Amino acid sequence: MKKTLCSLLFTLICVCTAYAQTTVSGVVKDATGETLPGASILIKGTSKGTSTDVNGKFTLKVTNPPPIF
């Protein structure tokens, strides 16, 4: 479950940065498709982050888009 969630977050952040240069946003869901309220989202290698709202949604403003691997 944790591995799936991390993979989902990584993919979501990478996809979102391809469309927006200063804002990353999305919805965090578990393997069954349920949204995850209160999940933490962090930009790897920084202290920049946020958490999801009650619907699993998040928005994170960044000065530089995170790298896409």
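Apart from one condition, Ile68 fits all of (1) modelled with pLDDT of 90 or more; (2) in a loop (DSSP other than H, G, I, E, B); (3) of a type in the set (A, V, I, L, M); the exception is (1). Determine, yes or no, whether Ser7 is modelled with pLDDT under 75, loosely packed, with under 15 Cβ neighbours inside 10 Å and of a type in the set (Ser, Thr, Tyr). Taking the combined requirement at face value, the residue satisfies it.
Under the condition of being under 12 Å from Leu9 (Cα atoms) and either among the basic types (Lys, Arg) or not in a loop (DSSP other than H, G, I, E, B) (or both), which residue from the stretch 36-50 is least open to solvent (accessible area, probe 1.4 Å)? The selected residue is Ile41.
The values are calculated or read from the model by the stated rules, or taken from the named source; none is laboratory data. Every value quoted in this text rests on a predicted model; they were computed, and no experiment measured them. Please note: Cβ atoms are built from the backbone with ideal geometry, for glycine as well, and neighbour counts cover all protein chains shown. When the accessible area is computed, the model is the full protein with side chains, heavy atoms only, and any ligands, DNA or RNA have been set aside. Shrake-Rupley method; radii C 1.70, N 1.55, O 1.52, S 1.80 Å.
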